[in-house]
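The values are calculated or read from the model by the stated rules, or taken from the named source; none is laboratory data. Here the structure is a predicted model, which is why all the values come from computation and not from measurement. As a convention, Cβ positions derive from the backbone with ideal geometry for all residues, glycine included, and neighbour counts pool all protein chains shown.
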Amino acid sequence: MGYDMYAAPIDGHDGYFRANIWWMGLLRGALHGMDLLTDEEPPKHLTGEAFTEWASSGHGLPAHKIGSNDGWLVSPAEAKSVADGITRTSDAELAEIARTIVTAHFEYEAKFNKTEVRPVTADDVEALVTYVRDFGAYCERASRTGGFQVW
């Protein structure tokens, strides 16, 4: 099981981004660590420009949209907000967030499996940093093509 994200192709990219269960958990953790997710819902009456203005004003991506693979539509404004937030995050800050998230996942995994906690390596941190930056680039492209759906 995983998360398949689809946007219209652009700039030589096919519009597809994939996250398995493990990677989506790490990605959501990183986005939360950058304050890019929200539990806040947009007001129901907002449409068109009003919705775009609301979504672009720092409210964040509604967490449920990447919490299930039920075909949620991430709007262009929401995708752009995530892309901009990832771009604003320095490499050092993102590495610290990644280390925290990976450590928590390794601790959970060890508890669940009743094993020793695996030490977090620089490669583990760099892998998540790269994945988050790749997702940011995906969101930026998707923001120019109508957003993306999460299946």
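Condition check ((1) free of Cβ contacts under 8 Å to residues at least 60 places away in the same chain; (2) surrounded by fewer than 16 Cβ atoms within 10 Å (Cβ to Cβ)) across all residues:
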position: T47; (1), (2): yes, yes
position: A63; (1), (2): yes, yes
position: S68; (1), (2): no, yes
position: G71; (1), (2): no, yes
position: A77; (1), (2): no, no
So which residues in region 97-149 are part of a loop (DSSP other than H, G, I, E, B) and either surrounded by 13 or more Cβ atoms within 10 Å (Cβ to Cβ) or of a type in the set (S, T, Y) (or both)? T115, R118, V120, T121, R144, T145, G146, G147
Here are some conditions: (1) loosely packed, with under 15 Cβ neighbours inside 10 Å; (2) at pLDDT 95 or above; (3) not small (G, A, S). L94 meets all but one. Which one does it not meet? (1)
Cβ-Cβ distance below 9 Å, separation of 6 or more or different chains: which pairs start in region 117-139 with a residue that is over 30 Å from P76 (Cβ atoms) and end on one that is of a type outside the set (A, V, I, L, M) and surrounded by 18 or more Cβ atoms within 10 Å (Cβ to Cβ)? R118/D124
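Scan region 87-107 and give yes if some residue there is within 14 Å of the chain's Cα centre (by Cα) and within 21 Å of G2 (Cβ to Cβ), otherwise no.
First, pick out the residues of region 87-107 that are within 14 Å of the chain's Cα centre (by Cα): 87, 89, 94, 97-98, 101.
So of that shortlist, the ones also within 21 Å of G2 (Cβ to Cβ) come out as 98, 101.
The answer is yes; a qualifying residue exists.
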Report yes if some residue within region 77-90 is among the polar types (S, T, N, Q) and either touching a His at 6+ places or on another chain (Cβ under 6 Å) or in a helix (DSSP H, G or I) (or both); otherwise report no. yes
